[in-house]
Amino acid sequence: MPNNAERTYIMVKPDGVQRGIVGEIIARFEKRGFKLVALKMVHATKEHLEKHYADLAQKPFFPGLIKYMASGPVVCMVWEGLDAVKTGRAMLGATNPLASAPGTIRGDYALAVGRNICHGSDAVESAEHEIALWFPEGTIQHTLASAEWVFE
Ligand code: UDP
Ligand code: MG
């Protein structure tokens, strides 16, 4: 059953920050109707990123991925709303930007799989795990006045 309060972890990667796409990514989630419940910039340590990507530790691209993700600050966000995880992934596009449809974030702003500018949780369970990892301080509970115009 769709959940109006589902949460997903969205992160602008170092290349997205360097290329000035932070505002664009935030704007897309805002305009879609999602509610921002946490936001911060972090220059993550390799140890922290290894935890975030622990399930990929055996992949050949893992060392390069960690180096890339630690090369500069990232912008960490939690967005809440109807079907946030699946819809967030759809808004990001495919992992490989060449396979991402135009109109998606990666499909509009990226070309290389190893420089795909943004992260989005792939399941509700991983979203909760990632939110706890990046926001141990918790998220902000608030109500948007627009909610009654976004939800039925
Ligand atoms: N990645 C890569 N080469 C690959 C597959 C993935 O460099 O062949 C990187 C890419 O930045 C991707 C990240 O590793 O976003 C995490 O991979 P995952 O399969 O979880 O893709 P995502 O969930 O980000 O779409
Ligand atoms: Mg993933």
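Bear in mind that the values in this text are calculations on the coordinates, not laboratory data. Owing to the predicted nature of the structure, the values given are computational and were not obtained by experimental measurement. All Cβ positions, glycine included, derive from the backbone under ideal geometry; neighbour counts span all protein chains shown.
Quick one: which of 51-61, 77-87 comes out on top by average Cβ neighbours within 10 Å, and what's the full order, highest first?
Output ranking for 51-61, 77-87: 77-87, 51-61.
Dividing the alpha-carbon Rg of segment 1-74 by 2.2 N^0.38 Å yields what?
This ratio for segment 1-74 stands at 1.27.
Quick one: what does P(r) look like for segment 7-149 with 10 Å bins over all Cα pairs, in whole %?
P(r) for segment 7-149, in whole percents per bin: 12, 43, 37, 7, 1.
Would you kindly state how much longer the chain becomes between Ala54 and Ala90 on full extension, computed as 0.36 nm times their sequence separation minus their alpha carbon distance, in nm to one decimal?
10.7 nm
What length, rounded to one decimal in nm, is gained on full extension from Phe62 through to Asn4, with 0.36 nm per residue of separation minus their alpha-carbon distance?
17.4 nm
Give me Rg/Rg_expected for segment 97-152, where Rg uses Cα atoms only and Rg_expected = 2.2 N^0.38 Å with N residues.
Relative to the 2.2 N^0.38 Å estimate, segment 97-152 comes out at 1.55.
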